[in-house]
Amino acid sequence: MKSLATLSIALLSAVLPASALPATAPDLPPDAQVIAALRSSPAVSAADEHIDAQQARARRLGAGPYEWTLGLGEQSRRVRTAPEGRYTEWDVGLERTVRLPGKRDLDQQLGAAGIATARVGRGDAVHETGRNLLAMWFDWLREEAAVVEWRHQRDNLSRQAQVLGRRVELGDAPRLERLQADAALAQVTAQLSQAEGRARVAAERLRRQHPLVVLPVTVPEVPPEAIEGQAEDWILAIVQHNHELAVARAESARARINASRSDAERLPDPSFGIRLSRERSGEERLLGVSLSLPLPGEGRRADSDAALAEARASAHREAGVQRRVEAEAAALFRQAVAARSGWLGQRLAADALARSADLTERAWQLGEGRLAETLAARRLAHEAHLAAQMARLEARERYWRLMLDAHRLWDLDDENHPEQQSH
């Protein structure tokens, strides 16, 4: 099964264009800023600390739960029949419980599984931070695009109002049209002010959340790219690189090891000790060894049964996560394809309405139409162009989200960075 997955990923890499792995996409922040922002995020830093904690726990598991126990005692003995009558006595003992063969290996496996789970969790933190950055970036792009569109509409209406003002002064147009033009301009100016406010909010949110990403003055308009490859290939790539599923698998493997460790604990570990004592003020010296072995009961069996049930539950959770991830990957692919198709339709509609608005305005300028019709046509053209811009950004975001989840955008793999393996 793994060989089939590897072959499918290789085929997917072959059919995708070289642009699928861009150095720096024109409508995305620079890669260097993104990587720095992802690795410096609090979530990733917390995941790094979690790796350190799991490494410490692994050392603790390797050392074992038992330590040497030192016992010291002193007593005074009084014997009425003895000439001296009173003796000082003391004893010292050293004892330790010893893990049975096999338990140490299982403990070491548990420690290694904990570290592996923490490292996968770090990858998940990086990926989720990348998703957050991508979403906030496109939120800002959408608000900026809206500002541009409203500003363009304001400039058109302002130019139209100036022309109409001269015509009214010359007596070539009624004052009612001047009032209509001023009202339309005031409405668009208010909409522009609101759009600028939303853009500032989106920019501030992005700066606060990802301070290492510098917002550019302008971002080029990039048309959405067609999605190359088959749906199943993309789904397989996303599933294979999905960190949430990898975390579920790691936790399932850890639960299986823990079940084996709990089963081994049904046989108790023995305790060995040595004791040295001095009695009757040194007349008697004793040296002895001790062995103690707990008698297993129903509690140990219950612990083993509980760990085994938890392992089965983890396996079911893993299966559930895999189903959900596959469904989300399929939906993401379909959404990316549909978003581009939607943009194509919106662009055609916007172009047609823009030509219609130009013709309607030209007819009004020639005295063959009314200003109300011109304003309505220009408003429809503006709304269509704004919708086309939103559809373009939606398609671009879906495209980059697909690339991100397939690990074909930004360098998210820790194995490519040896310095991260120290954690």
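The values are calculated or read from the model by the stated rules, or taken from the named source; none is laboratory data. Remember, it's a predicted structure, so these values are computed and weren't measured experimentally. We place every Cβ from the backbone using ideal geometry, glycine too, and count neighbours over all the protein chains shown. For the accessible areas, the whole protein counts, side chains as well, though only heavy atoms, and no ligand, DNA or RNA atoms are used. Shrake-Rupley method; radii C 1.70, N 1.55, O 1.52, S 1.80 Å.
Note on the range 204-283: Rg/Rh from Cα positions, Kirkwood definition for Rh, rounded to two decimals, is 1.49.
When a 1.4 Å probe is rolled over the protein heavy atoms, the share of accessible surface on the chain that falls to carbon and sulfur comes to 55 percent. Across all C-alpha atoms in the range 285-423, the radius of gyration and Dmax reach 33.3, 127 Å. Contact order for the chain, expressed relative to its length and based on alpha carbon pairs under 8 Å spaced 6+ residues apart, stands at 23 percent. Between A363 and A338, the C-beta separation translates, for a Förster distance of 45 Å, into a calculated FRET efficiency of about 0.75.
Size descriptor for the chain, Kirkwood hydrodynamic radius: 28.3 Å (Cα pairs only, one decimal).
Between D351 and A63, what length comes free when the chain is fully extended (0.36 nm per residue of separation minus the Cα-Cα distance, one decimal in nm)?
Working: separation 288, 0.36 × 288 = 103.68 nm, distance 7.24 nm.
Residue separation times 0.36 nm, minus the Cα-Cα distance, leaves 96.4 nm.
On the principal axes of its alpha carbon atoms, the range 20-74 extends 81, 21, 12 Å, with the longest extent given first.
Kirkwood analysis of the Cα pair distances in the range 26-137 returns a hydrodynamic radius of 19.3 Å.
Let's see if you can work this out: charge +1 on each Lys and Arg Cβ, -1 on each Asp and Glu Cβ, no other charges. What is the dipole magnitude of the chain about its Cα centre, in debye to the nearest 20? Can you show the working numbers first?
On the way: 57 positive and 60 negative charges, 146 e Å.
For the chain, the charge dipole is close to 700 debye.
Note on T218 and L287: the model spin-label points, each 7 Å out from Cα along the C-beta direction, lie 9.3 nm apart. The slack between T88 and A32, meaning 0.36 nm per residue of separation minus the straight C-alpha distance, is 12.5 nm. Largest GNM mean-square fluctuation across L344, L409, L295, computed for the chain with C-alpha springs under 10 Å, falls on L295. Largest GNM mean-square fluctuation among T88, T69, T97, using the chain with Cα springs under 10 Å: T88. Each of P65, N258, Q55 was scored by the projection of its Cα onto the charge dipole of the chain, and the greatest displacement toward the positive side belongs to P65; charges sit on the C-beta of Lys, Arg, Asp and Glu.
With each label modelled as a point 7 angstrom along the Cα→C-beta vector, the A186-E310 pair spans 7.0 nm. Length available on full extension from S45 to L72: 0.36 nm per residue minus the Cα-Cα distance, which gives 5.0 nm. Applying a length cut-off of 30 Å (Cα extent along the axis) and a mean Kyte-Doolittle floor of -1.0 to the DSSP H helices of the chain leaves 42-63, 103-170, 175-209, 243-264, 298-365, 371-405. With both labels modelled 7 Å from their Cα along Cα-to-Cβ, the R301 to S193 distance reads 8.0 nm. Using a cut-off of under 16 Å, list every residue of the range 236-272 whose amide N is near the label point 7 Å from the Cα of E326 along the Cα-to-beta-carbon line. Once the point is set 7 Å along Cα→Cβ of E326, 236-242, 245-246, 249 turn out to lie under 16 Å by backbone N, inside the range 236-272.
From helices alone, the chain scores -24500 deg cm²/dmol at 222 nm; the rule is -39500 (n - 2.57) for each run of n ≥ 4 DSSP H residues, then divide by the residue total. Between G299, G367, G288, the residue with the greatest mean-square fluctuation in the GNM of the chain (Cα pairs under 10 Å linked by springs) is G288. A simple packing score, the average count of other Cβ atoms within 10 Å per residue, orders the peptides 35-47, 217-229, 239-251 as 239-251, 35-47, 217-229, with the highest score first.
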